[in-house]
Amino acid sequence: MNTFTGIFLAALVLSYGIQFWLAMRQKSYVLQHREQVPTAFQDRVSLSAHQKAADYTIEKSKLGDIDSVVGMVFLLALTLGGGISLVFDFWSTFDLSPLMASLLSMASIFLLMTVIEIPFSLYQTFVIEEKYGFNKSKLPQFVKDQLMSMGLTLVIGLPILALILWVMDSIGGLWWLYAWAIIMGFSLLMSWLFPTLIAPLFNKFEPMQEGSLKQRIQGLLERCGFNSQGIFIMDGSRRSGHGNAYFTGLGNNKRIVFFDTLVNSLDEEELEAVLAHELGHFKCKHTIKMLVASSVMTLISFAVLGWLITQDWFFDGLGVSTHSNAAALLLFMLVSPVFTTFMQPISAYFQRKFEFEADDFATRNAQGSKMISGLVKLYEENASTLTPDPLYSAFHYSHPPAAIRIAHIEEKMQSA
Ligand SMILES: [Zn+2]
């Protein structure tokens, strides 16, 4: 324990304090506005749908609070409580190479973290989602999904982790630059492979059938000069009633994916508008900007870690007696969120700016009124609250609240 212990604890109290305070504000704001549909939505959303969204939001938030408490206790147990040292000491008693011992130590802790989260996702899926009519999966599907994602993490994650640990141990002072290049190359490769290799393990993707919807969408793609490897419908309804649409892949491997749930609930013009919004993110270069921003952040993180690894106070302050590269990497991954929470509003700010730009694009290239009616349906069907606390949403929401977004689209329609 040293001065850094105090700094860490202060940041921990402050960041969790802010999170709990915001969540509390959100719950009470939603509850206060539960009795009346906001004026702008009165002829579009029923009171019962509005109240369902309020109750759903509050229940999820309560579960999130408990999850946060457990996460905080676990973080303290691993660091100041000596958990990390215990696990590293355990694996060092076996006759293993240092790299293998480090790898197994880190894997054990990640496994433990995954296992702790399972009761929360069980409760989320089979109690909350079930209660609000969203859950469509059964326990065997859930177990299969969990095992599959653990298996994938093992098969893909462990070799990359081993490579990073090897680079840390063998390259010398500038290891962090190499590690950064590996991570960036790996994540680009994964984004490229994801639509064709990984996503199909979890869902079925059928090419969209010929017809008026496909023609409409192809017309939009041509108008916007967009190349894609196809338009697909995903069987999202296999697990959940929530609907969405997204772009996936990189370069010539780009795909457009609609959840079947979305296709069933929006009309063709609304689907076109929703897709035009997604297209806007590409056309306004948001994807590239986010990629550059995240690669710069990753580089800074690795550079900071490159320095911390040489500082004994970093290990001692966080209660870790094993001064190894692997322990430093693990500590950094666990502890840095405590210090970076404060940057959340900055990234949320840029995300919201991008959402407005994409809405502008959609208003120019499809019908603004259909964008609005599609959005209202999406909010209603996903039971997303129309009345979030302004401070909570400024901190957490990647999308502007519905009322603000719709007012913005209406304004653009009038000025067009
Ligand atoms: Zn968007």
Over 32 Å (Cα to Cα) - which of Lys136/Lys214; Lys62/Lys285; Lys62/Lys370; Lys60/Lys412; Lys144/Lys289; Lys138/Lys285 fall in this group: Lys62/Lys285; Lys62/Lys370; Lys60/Lys412; Lys144/Lys289; Lys138/Lys285
Net charge over other residues, Cβ less than 13 angstrom from the Cβ of Ile346 (K, R count +1; D, E count -1): +2
Value in Å of the Kirkwood radius, where the chain supplies the Cα pairs that are averaged: 23.9
Computed over segment 276-396, Cα set: Rg, Dmax in Å: 20.5, 61
Solvent-accessible surface ranking, highest first, for Thr93, Thr287, Thr79, Thr298 at 1.4 angstrom: Thr93, Thr287, Thr298, Thr79
Where Val296, Val320 fall by accessible area, highest first, once all protein chains stay in place (1.4 Å): Val296, Val320
Total formal charge among the other residues, if their Cβ is under 12 angstrom from that of Tyr397, Lys/Arg +1 and Asp/Glu -1: 0
DSSP-defined beta bridges in the chain - what % are antiparallel, rounded to 5: 65
Amide proton proximity set for Ser321, modelled H, under 5 Å, gap of 5+: Ser85
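As an exercise, find the ratio Rg/Rh for segment 249-333 from alpha-carbon atoms, using the Kirkwood inverse-distance average for Rh.
For segment 249-333, the value is 1.29.
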Two-site label geometry, Ile346 and Glu35: point separation in nm, points 7 Å out along Cα→Cβ: 4.3
Percent accessible area from carbon and sulfur atoms, the chain, protein chains only, probe 1.4 Å: 65
Solvent-accessible surface (1.4 angstrom probe) belonging to Tyr56, in square angstrom, nearest 10: 10
Residue-wise HN-Hα coupling along segment 334-346, computed from phi with Karplus coefficients 6.51, -1.76, 1.60 (Hz; x: Gly, Pro): 6, 8, 4, x, 4, 8, 9, 3, 5, 8, 3, x, 5
Segment 137-148 - phi-based ³J(HN,Hα) in whole Hz, Karplus 6.51/-1.76/1.60, Gly and Pro as x: 9, 10, 3, x, 4, 4, 4, 4, 4, 4, 5, 5
Amide H contacts of Phe232 (H built 1.01 Å from N, under 5 Å, at least 5 apart or other chain): Met208, Ile256, Val257, Phe258
For segment 142-201, diffusion coefficient by Stokes-Einstein and Kirkwood Rh (Cα), 37 °C, 0.692 mPa s, µm²/s: 253
Residue-level accessible surface for Trp166, protein heavy atoms, 1.4 Å, Å²: 130
FRET efficiency for Phe90 and Met333, using Cβ-Cβ distance with R0 set to 25 Å, rounded to 0.05: 0.80
Accessible area (Å², 1.4 Å probe, nearest 10) - Lys131: 130
Net charge dipole size for the chain [Lys, Arg +1 and Asp, Glu -1 on Cβ; Debye, nearest 20]: 420
Solvent-accessible area per residue for the chain (1.4 angstrom probe, square angstrom): 50
Partner aspartates and glutamates for Lys377 [C-alpha distance under 15 Å; skip if fewer than 8 residues away on the same chain]: Asp43, Asp260, Asp267, Glu268, Glu269, Glu270, Glu272
Calculated from backbone phi, Karplus (6.51, -1.76, 1.60) coupling profile of segment 81-88 in Hz, x at Gly/Pro: x, x, x, 4, 4, 4, 5, 5
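Can you put Glu206, Glu117, Glu269 in order of accessible area, largest first, using a 1.4 Å probe? Could the numbers behind the result be given before it?
On the way: Glu206 105, Glu117 80, Glu269 60 Å².
Ranking Glu206, Glu117, Glu269 by accessible area, largest first, yields Glu206, Glu117, Glu269.
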Among Asn264, Gly249, Leu188 the positive-end extreme of the charge dipole of segment 169-272 (Cβ point charges): Leu188
Mean residue ellipticity (222 nm) of the chain, computed from DSSP H runs ≥ 4 via -39,500 (n - 2.57), nearest 500: -22500 deg cm²/dmol
Extended-chain gain in nm, criterion 0.36 nm per residue less alpha-carbon gap, Phe126 and Ala181: 15.7 nm
Separation in nanometres of the label points that stand 7 Å from Cα toward Cβ, at Leu152 and Phe202: 0.5
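The values are calculated or read from the model by the stated rules, or taken from the named source; none is laboratory data. Given the structure is predicted, the values throughout are model-derived calculations rather than measurements. As a convention, Cβ positions derive from the backbone with ideal geometry for all residues, glycine included, and neighbour counts pool all protein chains shown. Note: areas computed on protein heavy atoms with side chains; ligands, DNA, RNA excluded. Shrake-Rupley method; radii C 1.70, N 1.55, O 1.52, S 1.80 Å.
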